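Structure record follows, encoded as C-alpha coordinates.
The values are calculated or read from the model by the stated rules, or taken from the named source; none is laboratory data. Every value quoted in this text rests on a predicted model; they were computed, and no experiment measured them. Using ideal geometry, Cβ is built from the backbone for each residue, glycine included, and neighbour counts are taken over all protein chains shown. These area figures cover heavy atoms from the full protein model, side chains too; ligands, DNA and RNA do not enter into them. Shrake-Rupley method; radii C 1.70, N 1.55, O 1.52, S 1.80 Å.
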Amino acid sequence: MSLLVVGSVAYDGIETPFGKRDRILGGSATYISVASSYFDNQVRLVGVVGHDFADEDIEFLKSKRVDLEGLQIDRSGKTFFWQGRYHYDLNNRDTLDTQLNVFEHFDPVLPESYRGSRYVALGNIEPGLQGKVLDQVSDADFVVMDTMNFWIEGNLEGLKKTLKRVNLLVINDSEARELADEPNLIKAAGIIREMGPEALIIKKGEHGALLFTDGEIFSAPAYPVVDIFDPTGAGDSFLGGLIGWLAYTDDLSPLNMRRAVIFGSVMASFCVEEFGPDRLRSLNEQQIYDRYRAFRELSEIPSPELA
Ligand code: AMP
(Lines give C-alpha, C1' and ligand atoms only; values in the text may rest on other atoms or scores of the structure.)
Protein backbone atom coordinates (compact mmCIF):
# COMPACT_ATOMS: atom_id res chain seq x y z
CA MET A 1 0.00 0.00 0.00
CA SER A 2 1.17 3.58 -0.50
CA LEU A 3 2.53 5.25 2.61
CA LEU A 4 3.52 8.89 2.84
CA VAL A 5 6.11 9.79 5.51
CA VAL A 6 7.02 13.32 6.53
CA GLY A 7 9.55 14.33 9.18
CA SER A 8 13.15 15.24 9.73
CA VAL A 9 16.08 13.75 7.85
CA ALA A 10 19.12 14.46 9.94
CA TYR A 11 22.63 13.88 11.06
CA ASP A 12 22.87 13.06 14.74
CA GLY A 13 25.70 13.21 17.23
CA ILE A 14 25.00 10.58 19.88
CA GLU A 15 26.60 9.68 23.17
CA THR A 16 25.40 6.72 25.23
CA PRO A 17 27.09 4.87 28.10
CA PHE A 18 28.27 2.40 25.43
CA GLY A 19 29.91 4.68 22.96
CA LYS A 20 29.81 7.76 20.85
CA ARG A 21 29.16 8.71 17.23
CA ASP A 22 29.85 12.24 16.03
CA ARG A 23 27.73 12.09 12.93
CA ILE A 24 25.33 9.36 12.01
CA LEU A 25 22.26 9.29 9.80
CA GLY A 26 19.08 10.11 11.75
CA GLY A 27 15.83 12.01 11.71
CA SER A 28 12.25 10.95 12.34
CA ALA A 29 11.40 10.46 8.64
CA THR A 30 14.49 8.30 8.14
CA TYR A 31 13.59 5.88 10.93
CA ILE A 32 9.89 5.76 10.03
CA SER A 33 10.61 5.15 6.33
CA VAL A 34 13.22 2.48 6.86
CA ALA A 35 11.20 0.61 9.52
CA SER A 36 8.01 0.69 7.43
CA SER A 37 9.83 -0.33 4.25
CA TYR A 38 10.23 -3.86 5.66
CA PHE A 39 6.49 -4.36 5.22
CA ASP A 40 6.49 -4.21 1.47
CA ASN A 41 4.92 -0.77 1.16
CA GLN A 42 5.49 1.95 -1.39
CA VAL A 43 7.11 4.36 1.07
CA ARG A 44 7.22 8.00 -0.06
CA LEU A 45 9.40 10.37 1.91
CA VAL A 46 8.83 14.12 2.25
CA GLY A 47 11.66 16.08 3.84
CA VAL A 48 14.66 18.29 3.24
CA VAL A 49 18.42 17.82 3.42
CA GLY A 50 21.33 20.16 2.76
CA HIS A 51 24.37 20.17 0.51
CA ASP A 52 26.29 17.96 2.94
CA PHE A 53 23.92 15.02 2.68
CA ALA A 54 26.01 12.04 1.63
CA ASP A 55 25.37 10.03 -1.52
CA GLU A 56 25.75 6.83 0.47
CA ASP A 57 22.81 7.85 2.67
CA ILE A 58 20.69 8.52 -0.41
CA GLU A 59 21.74 5.10 -1.70
CA PHE A 60 20.85 3.48 1.62
CA LEU A 61 17.30 4.91 1.51
CA LYS A 62 16.98 3.87 -2.11
CA SER A 63 18.17 0.37 -1.24
CA LYS A 64 15.15 0.15 1.05
CA ARG A 65 12.98 1.17 -1.92
CA VAL A 66 12.05 4.50 -0.29
CA ASP A 67 10.73 6.90 -2.94
CA LEU A 68 12.80 10.10 -2.66
CA GLU A 69 10.99 12.26 -5.20
CA GLY A 70 9.69 14.34 -2.28
CA LEU A 71 13.08 14.75 -0.61
CA GLN A 72 14.19 18.31 -1.29
CA ILE A 73 17.91 19.02 -1.53
CA ASP A 74 18.49 22.58 -0.44
CA ARG A 75 22.03 23.45 -1.49
CA SER A 76 21.98 26.76 0.40
CA GLY A 77 22.66 25.12 3.74
CA LYS A 78 23.45 22.06 5.82
CA THR A 79 21.29 19.14 6.90
CA PHE A 80 19.43 19.34 10.22
CA PHE A 81 21.76 18.34 13.05
CA TRP A 82 20.79 17.04 16.45
CA GLN A 83 23.09 16.07 19.28
CA GLY A 84 22.07 14.16 22.39
CA ARG A 85 23.53 12.40 25.36
CA TYR A 86 21.85 9.54 27.19
CA HIS A 87 22.04 8.97 30.92
CA TYR A 88 23.09 5.72 32.49
CA ASP A 89 19.50 4.37 32.61
CA LEU A 90 18.99 5.25 28.90
CA ASN A 91 15.45 6.49 29.58
CA ASN A 92 16.57 10.05 29.84
CA ARG A 93 18.48 12.06 27.33
CA ASP A 94 19.74 15.62 27.17
CA THR A 95 19.61 17.50 23.92
CA LEU A 96 23.02 19.15 23.64
CA ASP A 97 22.55 20.86 20.31
CA THR A 98 19.88 21.39 17.66
CA GLN A 99 20.90 23.05 14.42
CA LEU A 100 17.84 23.45 12.23
CA ASN A 101 19.87 24.48 9.17
CA VAL A 102 17.80 23.87 5.98
CA PHE A 103 14.97 22.54 8.13
CA GLU A 104 14.28 26.08 9.36
CA HIS A 105 12.60 27.06 6.10
CA PHE A 106 11.20 23.65 5.25
CA ASP A 107 8.06 23.94 3.18
CA PRO A 108 6.65 20.48 2.50
CA VAL A 109 5.47 20.34 -1.10
CA LEU A 110 4.19 16.97 -2.22
CA PRO A 111 4.99 15.71 -5.70
CA GLU A 112 1.86 14.95 -7.70
CA SER A 113 2.58 11.22 -7.42
CA TYR A 114 2.37 11.35 -3.59
CA ARG A 115 -1.02 13.05 -3.31
CA GLY A 116 -3.13 9.92 -3.54
CA SER A 117 -1.25 8.13 -0.70
CA ARG A 118 -3.62 5.94 1.32
CA TYR A 119 -1.64 5.93 4.57
CA VAL A 120 0.14 8.91 6.10
CA ALA A 121 2.73 9.06 8.90
CA LEU A 122 3.32 12.54 10.27
CA GLY A 123 6.68 12.42 12.06
CA ASN A 124 7.49 14.87 14.77
CA ILE A 125 7.67 18.29 13.12
CA GLU A 126 5.90 21.60 13.68
CA PRO A 127 2.14 20.87 13.82
CA GLY A 128 1.35 23.52 11.19
CA LEU A 129 3.67 21.75 8.74
CA GLN A 130 2.00 18.44 9.53
CA GLY A 131 -1.33 20.11 8.67
CA LYS A 132 0.14 21.47 5.46
CA VAL A 133 1.04 17.97 4.36
CA LEU A 134 -2.50 16.80 5.06
CA ASP A 135 -3.85 19.71 2.96
CA GLN A 136 -2.09 18.19 -0.03
CA VAL A 137 -3.25 14.61 0.42
CA SER A 138 -6.53 14.06 -1.35
CA ASP A 139 -8.19 11.24 0.51
CA ALA A 140 -6.10 9.21 2.95
CA ASP A 141 -7.56 6.16 4.70
CA PHE A 142 -5.50 6.53 7.82
CA VAL A 143 -3.30 9.23 9.34
CA VAL A 144 -0.98 8.65 12.29
CA MET A 145 0.99 11.43 13.97
CA ASP A 146 3.77 11.88 16.47
CA THR A 147 4.55 15.01 18.43
CA MET A 148 6.67 16.08 21.41
CA ASN A 149 6.60 18.27 24.51
CA PHE A 150 8.29 21.08 22.58
CA TRP A 151 5.10 21.57 20.53
CA ILE A 152 2.74 20.94 23.46
CA GLU A 153 4.47 23.82 25.24
CA GLY A 154 5.22 25.98 22.21
CA ASN A 155 2.24 25.62 19.88
CA LEU A 156 -0.68 23.98 21.65
CA GLU A 157 -3.28 25.68 19.46
CA GLY A 158 -1.62 24.52 16.24
CA LEU A 159 -1.21 21.04 17.68
CA LYS A 160 -4.89 20.82 18.58
CA LYS A 161 -5.85 21.83 15.03
CA THR A 162 -3.78 19.03 13.52
CA LEU A 163 -5.01 16.54 16.12
CA LYS A 164 -8.55 17.00 14.82
CA ARG A 165 -7.42 15.64 11.45
CA VAL A 166 -5.66 12.43 12.45
CA ASN A 167 -6.86 8.90 13.24
CA LEU A 168 -4.11 7.92 15.64
CA LEU A 169 -1.75 9.84 17.89
CA VAL A 170 1.40 8.17 19.23
CA ILE A 171 3.11 9.87 22.17
CA ASN A 172 5.00 8.94 25.30
CA ASP A 173 3.59 8.93 28.80
CA SER A 174 4.99 12.25 30.00
CA GLU A 175 3.77 13.97 26.83
CA ALA A 176 0.28 12.46 27.30
CA ARG A 177 0.11 13.78 30.86
CA GLU A 178 1.25 17.20 29.71
CA LEU A 179 -1.10 17.39 26.73
CA ALA A 180 -4.14 16.35 28.77
CA ASP A 181 -3.03 18.24 31.88
CA GLU A 182 -3.95 15.10 33.80
CA PRO A 183 -1.58 12.82 35.76
CA ASN A 184 -3.65 9.63 35.42
CA LEU A 185 -2.83 8.03 32.05
CA ILE A 186 -6.23 6.39 31.59
CA LYS A 187 -8.04 9.67 32.20
CA ALA A 188 -5.48 11.51 30.08
CA ALA A 189 -6.18 9.11 27.20
CA GLY A 190 -9.89 9.94 27.35
CA ILE A 191 -9.17 13.66 27.32
CA ILE A 192 -6.78 13.37 24.35
CA ARG A 193 -9.19 11.25 22.31
CA GLU A 194 -11.80 13.98 22.83
CA MET A 195 -9.37 16.31 21.04
CA GLY A 196 -9.71 14.38 17.79
CA PRO A 197 -7.85 11.10 17.24
CA GLU A 198 -10.12 8.09 17.61
CA ALA A 199 -7.15 5.99 18.68
CA LEU A 200 -4.21 6.78 20.93
CA ILE A 201 -1.00 4.99 21.77
CA ILE A 202 0.94 5.91 24.86
CA LYS A 203 4.52 4.62 24.84
CA LYS A 204 6.11 3.88 28.19
CA GLY A 205 9.73 3.38 27.12
CA GLU A 206 11.09 0.11 28.43
CA HIS A 207 7.68 -0.68 29.95
CA GLY A 208 5.76 -1.18 26.73
CA ALA A 209 2.83 0.70 25.25
CA LEU A 210 -0.91 1.17 25.74
CA LEU A 211 -3.38 1.34 22.87
CA PHE A 212 -6.68 3.10 23.50
CA THR A 213 -9.55 2.60 21.07
CA ASP A 214 -13.31 2.73 21.55
CA GLY A 215 -14.06 1.10 24.88
CA GLU A 216 -10.83 -0.96 24.75
CA ILE A 217 -7.35 -0.78 26.22
CA PHE A 218 -4.57 -3.05 24.95
CA SER A 219 -1.34 -3.31 26.89
CA ALA A 220 1.72 -4.36 24.88
CA PRO A 221 4.91 -5.47 26.59
CA ALA A 222 8.35 -4.18 25.74
CA TYR A 223 10.89 -6.71 24.56
CA PRO A 224 13.60 -7.35 27.14
CA VAL A 225 16.49 -6.30 24.92
CA VAL A 226 19.80 -7.38 26.41
CA ASP A 227 22.08 -5.30 24.21
CA ILE A 228 20.74 -1.78 24.19
CA PHE A 229 23.35 0.47 22.62
CA ASP A 230 21.42 3.52 21.55
CA PRO A 231 17.73 4.35 22.06
CA THR A 232 17.77 7.06 19.37
CA GLY A 233 15.02 6.47 16.84
CA ALA A 234 13.17 3.88 18.93
CA GLY A 235 10.00 6.00 18.96
CA ASP A 236 10.14 6.60 15.21
CA SER A 237 10.91 2.96 14.47
CA PHE A 238 7.88 2.05 16.56
CA LEU A 239 5.78 4.37 14.43
CA GLY A 240 7.29 2.91 11.24
CA GLY A 241 6.63 -0.69 12.25
CA LEU A 242 3.10 0.16 13.33
CA ILE A 243 2.03 2.07 10.22
CA GLY A 244 4.07 -0.26 8.02
CA TRP A 245 2.02 -3.22 9.18
CA LEU A 246 -1.31 -1.35 8.94
CA ALA A 247 -0.56 -0.18 5.40
CA TYR A 248 0.68 -3.59 4.31
CA THR A 249 -2.40 -5.41 5.61
CA ASP A 250 -4.79 -2.53 4.86
CA ASP A 251 -6.82 -3.71 7.83
CA LEU A 252 -7.84 -1.16 10.45
CA SER A 253 -9.79 -3.54 12.70
CA PRO A 254 -9.14 -3.32 16.46
CA LEU A 255 -7.50 -6.75 16.38
CA ASN A 256 -5.11 -5.74 13.62
CA MET A 257 -4.31 -2.51 15.45
CA ARG A 258 -3.09 -4.69 18.31
CA ARG A 259 -0.82 -6.59 15.92
CA ALA A 260 0.45 -3.28 14.59
CA VAL A 261 1.43 -2.17 18.09
CA ILE A 262 3.50 -5.35 18.44
CA PHE A 263 5.17 -4.82 15.04
CA GLY A 264 5.97 -1.30 16.18
CA SER A 265 7.52 -2.69 19.33
CA VAL A 266 9.45 -5.26 17.27
CA MET A 267 11.03 -2.57 15.08
CA ALA A 268 11.83 -0.39 18.11
CA SER A 269 13.47 -3.33 19.86
CA PHE A 270 15.73 -3.94 16.85
CA CYS A 271 16.55 -0.26 16.47
CA VAL A 272 18.11 0.08 19.92
CA GLU A 273 20.49 -2.84 19.42
CA GLU A 274 23.00 -0.78 17.46
CA PHE A 275 23.89 2.87 16.96
CA GLY A 276 21.57 5.08 14.92
CA PRO A 277 19.69 3.16 12.22
CA ASP A 278 22.47 0.57 11.79
CA ARG A 279 20.46 -2.40 13.01
CA LEU A 280 17.66 -1.46 10.59
CA ARG A 281 20.00 -1.74 7.62
CA SER A 282 20.10 -5.47 7.37
CA LEU A 283 17.02 -7.04 8.91
CA ASN A 284 15.05 -9.72 7.16
CA GLU A 285 11.45 -10.85 7.28
CA GLN A 286 12.26 -13.98 9.24
CA GLN A 287 13.94 -12.03 12.04
CA ILE A 288 10.97 -9.68 12.25
CA TYR A 289 8.41 -12.48 12.46
CA ASP A 290 10.53 -14.44 14.92
CA ARG A 291 10.63 -11.48 17.24
CA TYR A 292 6.89 -10.98 16.83
CA ARG A 293 6.45 -14.55 18.07
CA ALA A 294 8.78 -13.87 20.98
CA PHE A 295 6.56 -10.92 21.92
CA ARG A 296 3.49 -13.16 21.89
CA GLU A 297 5.14 -15.68 24.16
CA LEU A 298 6.36 -12.96 26.47
CA SER A 299 2.84 -12.02 27.49
CA GLU A 300 0.87 -15.20 27.00
CA ILE A 301 -1.38 -15.57 30.00
CA PRO A 302 -2.38 -19.18 30.65
CA SER A 303 -6.00 -19.63 31.65
CA PRO A 304 -6.42 -21.00 35.15
CA GLU A 305 -8.90 -23.73 35.87
CA LEU A 306 -11.71 -21.44 36.89
CA ALA A 307 -14.65 -22.83 38.79
P1 AMP B 1 13.33 9.41 18.71
O2 AMP B 1 14.53 8.87 19.43
O3 AMP B 1 12.51 8.34 18.07
O4 AMP B 1 12.54 10.33 19.56
O5 AMP B 1 13.85 10.31 17.49
C6 AMP B 1 15.18 10.70 17.34
C7 AMP B 1 15.37 11.48 16.05
O8 AMP B 1 14.63 12.70 16.10
C9 AMP B 1 16.80 11.84 15.85
O10 AMP B 1 17.33 11.09 14.77
C11 AMP B 1 16.81 13.35 15.58
O12 AMP B 1 17.51 13.68 14.39
C13 AMP B 1 15.35 13.72 15.46
N14 AMP B 1 15.04 15.00 16.12
C15 AMP B 1 15.52 15.46 17.30
N16 AMP B 1 15.00 16.68 17.60
C17 AMP B 1 14.16 17.00 16.57
C18 AMP B 1 13.32 18.13 16.26
N19 AMP B 1 13.23 19.19 17.08
N20 AMP B 1 12.59 18.08 15.13
C21 AMP B 1 12.65 17.03 14.30
N22 AMP B 1 13.43 15.95 14.52
C23 AMP B 1 14.18 15.92 15.64
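LYS64 sits with roughly 30 Å² accessible to a 1.4 Å probe, with DNA, RNA and ligands left out of the calculation.
Computed from backbone phi, the HN-Hα couplings of region 71-82 come to 8, 7, 10, 9, 7, 7, x, 9, 5, 3, 10, 10 Hz, rounded to whole numbers (Karplus: 6.51 cos²θ - 1.76 cosθ + 1.60, θ = phi - 60°; Gly and Pro given as x). The mean sequence separation of alpha-carbon pairs under 8 Å and at least six residues apart, normalised by the residue count of region 2-298, gives a relative contact order of 18 percent.
Given the -39500 (n - 2.57) contribution per DSSP H run of 4+ residues, what per-residue ellipticity at 222 nm results for the chain, rounded to the nearest 500 deg cm²/dmol? Walk me through the numbers on the way to the answer.
Values: 10 runs with 108 residues, N = 307.
Counting only the DSSP helices, I get -10500 deg cm²/dmol.
By DSSP, the beta bridges lying fully in region 2-298 are antiparallel in about 40 percent of cases.
For region 2-298, which semi-axes, largest first and in whole Å, follow from the square roots of 5 times the eigenvalues of its Cα gyration tensor?
On the way: eigenvalues 124, 101, 81 Å².
Equivalent ellipsoid of region 2-298: 25, 23, 20 Å, largest first.
For region 50-98, the Kirkwood radius over C-alpha pairs fed into Stokes-Einstein at 4 °C and 1.567 mPa s yields D = 98 µm² per second.
Taking other residues whose beta carbon is less than 12 angstrom from the beta carbon of GLU69, and scoring Lys, Arg as +1 and Asp, Glu as -1, yields +1.
Taking LYS161 as the anchor, which aspartates and glutamates have their alpha carbon closer than 13 Å to its alpha carbon, excluding any fewer than eight residues away along the same chain? Of all the aspartates and glutamates, those that pass the test against LYS161 - Cα under 13 Å, at least 8 places apart if same chain - are GLU126, ASP135, GLU194. Residues of region 216-246 with an amide N closer than 14 Å to a point placed 7 Å from the Cα of GLU273 along the Cα-to-Cβ direction: 223-230. Using the Cβ-Cβ distance between ASP52 and LEU96 with R0 = 22 Å, the FRET efficiency computed as 1/(1 + (r/R0)^6) comes to roughly 0.70. The alpha carbons of region 82-191 give a radius of gyration and a Dmax of 15.7, 46 Å, in that order. Amide hydrogen proximity for ALA209: with H placed 1.01 Å from N in the peptide plane, the residues at 5 or more positions away or on another chain lying under 5 Å are LYS204, ALA220. Residues within the reach of a label modelled at ASN256 (point 7 angstrom out along Cα to beta-carbon, backbone nitrogen below 13 Å), restricted to region 141-158, are 141-142.
At a 1.4 Å probe radius, carbon and sulfur cover how many percent of the accessible area of region 2-298? Walk me through the numbers before you get to the answer.
Numbers: 5860 of 12730 Å².
Percent of accessible area from carbon and sulfur atoms in region 2-298: 46.
Peptides 13-21, 104-112 ranked from most to least packed by the mean count of surrounding Cβ atoms within 10 Å: 13-21, 104-112.
Note on exposure: THR162, THR98 ranked by accessible area (1.4 Å probe, complete protein assembly) read THR98, THR162, with the most exposed listed first.
What's the ranking of 54-63, 39-48, 253-262 by average number of surrounding C-beta atoms within 10 Å, highest first?
Details: 54-63: 12.9, 39-48: 24.4, 253-262: 17.3.
Top of the packing list down: 39-48, 253-262, 54-63.
Using only the alpha carbon atoms of region 223-307, find the Kirkwood hydrodynamic radius as the inverse mean reciprocal pair distance, in angstroms to one decimal. Don't skip to the answer; put the middle values down first.
Values: mean 1/r = 0.0734 Å⁻¹.
Answer for region 223-307: a Kirkwood hydrodynamic radius of 13.6 Å.
If you average over every viewing direction, what projected area does the convex hull of the Cα atoms of region 73-115 give, in nm²? It would help to have the intermediate numbers written out before the result.
Numbers: hull surface 19.2 nm².
One quarter of the hull surface, i.e. the mean projection, equals 4.8 nm².
Sequentially through region 26-38, phi angles give Karplus couplings (6.51, -1.76, 1.60; θ = phi - 60°) of x, x, 4, 5, 4, 5, 5, 5, 5, 4, 6, 5, 5 Hz, Gly and Pro residues having no value and appearing as x.
For region 136-274, what's the relative contact order in percent, using C-alpha pairs closer than 8 Å and at least 6 residues apart?
Values: 212 pairs, mean separation 24.9, N = 139.
Rounded, it is 18 percent for region 136-274.
Solvent exposure of the chain amounts to 45 Å² per residue of accessible area, where only protein heavy atoms count and the probe is 1.4 Å. Annotation: PHE229 carries an accessible surface of approximately 80 Å², with a 1.4 Å probe and no ligand, DNA or RNA atoms counted. How about LYS164: which lysines have a C-alpha closer than 23 Å to its C-alpha, ignoring those fewer than 8 places off in the same chain? Excluding near neighbours in sequence, the set is LYS132, LYS187, LYS203.
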